[in-house]
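Some notes on the structure that comes next.
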Amino acid sequence: MGFREDVDRIAPRLRRFARALVSGEPDVRLESADTVVQETILRAVRSERLLDRATLAHWLYATVVDVYLLGLKRPAFVRPGSGVRPEESAAATGRADQGDPAGALAGALDVLPPDDRAALLLVSLEGFTYDEAAEILRVPREVFVQRLVRARIQLAAIFDAPGMMADRSNGNRHPHLRIVK
């Protein structure tokens, strides 16, 4: 299997990660995520001779994060005609439709700072270990863990986890389940 086949094999995972990482309205999110992945793959192809295939996946994920964070600083990630960055949208402020769990989660993720969101997604969505995710983000493990903890605390606050925990303290291990007689 060659270099390009390896990139092709990893590309769907990169796209999933980028779609979760990029914030904003759904149409802007998809377009921006695809742009981030395309730029990442172009960089990989240009650097093919320099990359170690054993660490290719880590390099690709790190590049997705780098391209995304760089894009936040450029106007290319602003929706044409809106003048509003995706992270300033209504979904990013946590006002996602409560009837749509996926939309609520996307809105909650949009509220997280990009570094914290990347840390959370690398572990929870992509299944990397803490050490691998810290390597991908190019930060010490301790910094990575701090970002992950911040992200989890913010998500717990958004989804009212203390209320859920109170139900569990009353002996109900599954607060969403009820006993019907």
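Note that region 2-13 has calculated 3J(HN,Hα) couplings of x, 4, 5, 5, 4, 5, 4, 5, 7, 3, x, 5 Hz, one per residue in order, obtained from phi through the Karplus relation 6.51 cos²θ - 1.76 cosθ + 1.60 (θ = phi - 60°); glycine and proline are x. Full extension of the chain segment joining LYS73 with SER47 gains 7.0 nm, where the gain is 0.36 nm per residue of separation less the Cα-Cα distance. With each label modelled as a point 7 angstrom along the Cα→C-beta vector, the VAL149-ARG16 pair spans 2.9 nm.
Readers should treat all values here as calculations from the given coordinates under stated rules, not as data from a laboratory. This structure is a prediction, so every number in the text was calculated from the model and none was measured. Neighbour counts run over all protein chains shown; Cβ positions are idealised from the backbone, glycine included.
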